[in-house]
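Contents: one structure, followed by commentary.
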Amino acid sequence: MTDKTPYFEIKDLHAATEGKPILKGVNLSMVKGETHALMGPNGSGKSTLANVIMGHPAYEVTAGKIIFEGQNVLEMEPEERAQAGIFLAFQYPVAIPGVSVAKFLKSAHDATHGKKKLNPAAFLKQLREHIKYLEVDDAFINRYLNDGFSGGEKKRMEILQMLTLQPRFAVMDETDSGLDIDALKVVSKGVNKLTGPDFGLLVITHYERILRYIHPDHLHILIDGQVAQSGGPELVKKLEEEGYDWVREEFGQEVLAH
Amino acid sequence: MSTESTAILDDYKYGFYTDIETDSVPKGLNEEVIALISGKKGEPEWMLEWRLKAYRWWLRQQEPKWAHLDYPPVDFQDICYYSAPKKKGEQPDEIDAELAAAFERLGVPLQERNHLAGVAVDAVFDSVSVATTHRETLAEKGIIFCSISEAIREHPELVKKYLGTVVPYTDNYYASLNSAVFTDGSFCYIPKGIRCPMDLSTYFRINALDTGQFERTLIIAEEGAYVSYLEGCTAPMRDRNQLHAAVVELIALDDAEIKYATVQNWYAGDKQGKGGIYNFVTKRGHCRGERSKISWTQVEAGSAITWKYPSVILEGDYSSGAFYSVAVTTNKMQADTGTKMIHIGNHTKSTIVSKGISAGDSVNSYRGLVQVLPDAYHCRNYSNCDSMLIGSTCSANTFPYIESENHTAVVEHEATTSRVSEDQIFYLRSRGLSEEDAVSMVVNGFAREVFKQLPLEFSVEAIKLLEMKLEGSIG
């Protein structure tokens, strides 16, 4: 029997940046072990939602709640969210010149694992396994974090971090965009390694393509800062064939009806 | 102790004062004071004459104003030019217990049983050298490592031959002043073909109030010799500015190599800019011999005012010079620092890597000259000057001067200015790092190229120092 109490929940979330409202009452609820996909046209607020979940200081939450395992996420600093097991794979990972991938990953691992952290040798062993799994060159760990990385390398780096940190809930912000099919397969393989009964995943994407490799239990469609439509995997096919216009239409009628 | 002073002490843990009886000369500067200093040190006549020539030259000079620094004029008559802790013990070599305790607190043990392994230390307290460790071990190899005062008395032929040959007393205002009144400093001589078996180090401590420190260091590496030298400096916290005007001369003969590293953490003044050390330093190396090498590595983290350009004169063919610098300014600190690389010999090479980090209301300037003389063929220079800004009220400047007069020279200059971005900090925090750890990681990454030039323990210290300095500068 599966536990049907929400694992991760967003309630009537409103958020703005530079005074401009972006999210206008987002509702979303996930049960433990599920994978959800969030799709929507450009400018609908997908990346804003990802950043707000992680606590980016440039976004101001004006109303609503985010609950993870019963904790009030909005009251936590970004590092506390990471320590609680929340992870965001960034759409545009930034470079930190002079800081090696290995040093960074060890610091991040130590910061998120408290007493369960590994000694350097065990850590390195695990890191090499992950690198092999993600089909990355060994020299990767001595390079500076995202410095001079190609788009594909940056995305693999995000997944490598995810495997290293072992979060219990992850948001992937358009990890698939700009990836060729081989890179996409590797990224998906990495993500699927984590999915399981104790892991929640929210895949934010612009294209259905990634959903052929990472299979969502539910799909949400974000339009103009609100979840306009939710449904099962069958929605993916409908979107693929018909685009977003029908959602807009139906959603518009619903708004008018209220 | 009040909470306020505890908080200040947390910021600058070297801010303590040692209450010790001193032997000082009256404040002010004139020929009698210079004669008095020279007399106290038991110097020969030629030394006093050199000092007086320097003093007379200095009187005719104007204080330089070209640096990007703003500070009230220094009253040279309101400074005490000599202050030495009084010897209490019977034995001439005995170290006073209070002095030893003071250095112990600074992490520099002087008693034989506690000596730092692998590092010989010369400890300078105000105007005098109080102890030099590991001397016997070094003497076996013919290496001379002692205070400059002792060298003037014991090795006058070497001092006479080299003193003032890299930085003459006519060189600049502060170098002239130093030549007139210099009190102590270190002297190192590495004989032909000898690789110095340990790092040599000098620890400078200003203790007395209203006292200037004018140290003079002279390092000579004979043909094929090698030495790595480390310098550290601290001072008590006072709300009045104190003057530090040092001169360091390095001489490298054929195939010799000198590596000189400094971690400068003089008291920088409080948050409002009150107090702190005025640091006017002339450091210059002379690659006199062919294939000789000199490198300067500096971590400049203290002082209210820094005016410092460690330079290399590349005279010997195929000689090379390097300058690696991290300069951190916070609060109201001002730094104008950089280097000069003068290419005289053919096939000479120089490398400049400067990383400026500014926070608070500070001003951090890089000023550097790369000069290739008309007769110097096939010279190369590579310069990289990066500035990082933390917050929005600090500033960074780069003043590169390139004077290449030979068409075969290859001179490259790169400069960047960046801000520690909110996105970088957020990225690291989203991986579980605290805001302070995130800033420190970004800054250490930025300065990494320079830190890796330092001996390992020194580089660990330097990283800690940087973290301490930048604590609370973001947000």
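The values are calculated or read from the model by the stated rules, or taken from the named source; none is laboratory data. Predicted model only: the values in this text are computed from it and were never measured. Reconstructed Cβ throughout: ideal geometry from the backbone, glycine too, with neighbour counts over all protein chains shown. Heads up: the accessible areas ignore ligands, DNA and RNA and are worked out on the full protein's heavy atoms, side chains in. Shrake-Rupley method; radii C 1.70, N 1.55, O 1.52, S 1.80 Å.
In cubic angstrom, how much convex hull volume per residue do the alpha carbon atoms of the stretch A:76-177 span?
Roughly 103 Å³ of hull volume per residue.
In Å, the Kirkwood hydrodynamic radius of the stretch A:127-258 over pairs of distinct alpha carbons? List each step's numbers first, then the result.
Numbers: mean 1/r = 0.0606 Å⁻¹.
Evaluated on the stretch A:127-258, it is 16.5 Å.
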Counting DSSP beta bridges with both ends in the stretch A:114-258, the antiparallel % (nearest 5) | 50
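Within the set of other residues whose C-beta is less than 9 Å from the C-beta of A:Asp224, count the net charge using Lys and Arg as +1 and Asp and Glu as -1.
Details: positive: A:Lys24, A:Arg248; negative: none.
Local net charge: +2.
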Accessible area expressed per residue, the stretch B:389-475, with surrounding protein chains retained (probe 1.4 Å, Å²) | 50
Sorted by chain and then number, the residues having a modelled amide H within less than 5 Å of the amide H of B:Lys41, at least 5 places away or on another chain, are none
Work out Dmax and Rg for the protein assembly as shown from the C-alpha atoms and quote the Rg first, both in angstrom.
-> 31.4, 105
Can you pull the accessible area of B:Glu436 for me, 1.4 Å probe, Å² to the nearest 10?
-> 100
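How large is the charge dipole for the stretch A:6-257, taken about the Cα centre, if only the Cβ atoms of Lys, Arg (+1) and Asp, Glu (-1) carry charge, to the nearest 20 debye? List each step's numbers first, then the result.
Working: 28 positive and 35 negative charges, 221 e Å.
I would put it at about 1060 debye.
Can you give me the Rg/Rh ratio for the stretch A:1-128, using Cα atoms for both radii and the Kirkwood formula for Rh? List each step's numbers first, then the result.
Numbers: Rg = 16.9 Å, Rh = 16.7 Å.
Across the stretch A:1-128, the Cα-based Rg/Rh ratio is 1.01.
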In vacuo Debye scattering of the stretch B:173-330, one point per C-alpha: log10 I(q)/I(0) at q = 0.08, 0.10 Å⁻¹?
-> -0.24, -0.36
Portion, in percent, of the accessible area of the protein assembly as shown that falls on carbon or sulfur, probe 1.4 Å | 49
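Calculate, in whole percent, how much of the Cα-Cα pair population of chain A lies beyond 29 Å. Each step should come with its number before you reach the end.
Working: 10103 of 33153 pairs.
Beyond 29 Å sits 30 percent of the P(r) for chain A.
Please report the antiparallel percentage of DSSP beta bridges with both residues in chain B, rounded to the nearest 5.
Numbers: 11 of 136 bridges.
Taking every DSSP beta bridge with both residues in chain B, the antiparallel ones total about 10 percent.
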Tell me, which residues of the stretch A:25-65 get at least 40 Å² less accessible area when the other protein chains come in, versus the chain alone (1.4 Å probe)?
-> A:His56, A:Pro57
Based on the Cα coordinates of chain B, what is the per residue volume of their convex hull in Å³?
-> 147
Could you pull out every one of the aspartates and glutamates with an alpha carbon less than 16 Å from that of A:Lys20, ignoring same-chain neighbours closer than 8 positions?
-> A:Glu60, A:Asp224
Per-residue [θ]222 nm for chain B (sum of -39500 (n - 2.57) over DSSP H runs n ≥ 4, rounded to 500) | -7000 deg cm²/dmol
Can you give the accessible area buried between chains B and A, summed over both chains, with a 1.4 Å probe, in Å² to the nearest 100?
-> 2000
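Kirkwood Rh and Cα-based Rg: tell me the resulting Rg over Rh for the stretch A:168-234, rounded to two decimals. Intermediate results must be reported in sequence, preceding the final value.
On the way: Rg = 12.2 Å, Rh = 12.8 Å.
Ratio of gyration radius to Kirkwood radius for the stretch A:168-234: 0.96.
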Can you give me the Cα centroid spacing of the stretch A:20-60 and the stretch B:129-188 in angstrom?
-> 68
Using a 10 angstrom cutoff on alpha carbons, build the Gaussian network for chain A and name the most mobile of A:Ser47, A:Ser177, A:Ser150.
-> A:Ser150
May I ask what percent, to the nearest 5, of DSSP beta bridges between residues of the protein assembly as shown are antiparallel?
-> 20
Could you point to the residue in A:Phe169, A:Leu127, A:Val52 farthest towards the positive end of chain A's charge dipole, with +1 and -1 charges on the Cβ of Lys/Arg and Asp/Glu respectively?
-> A:Leu127
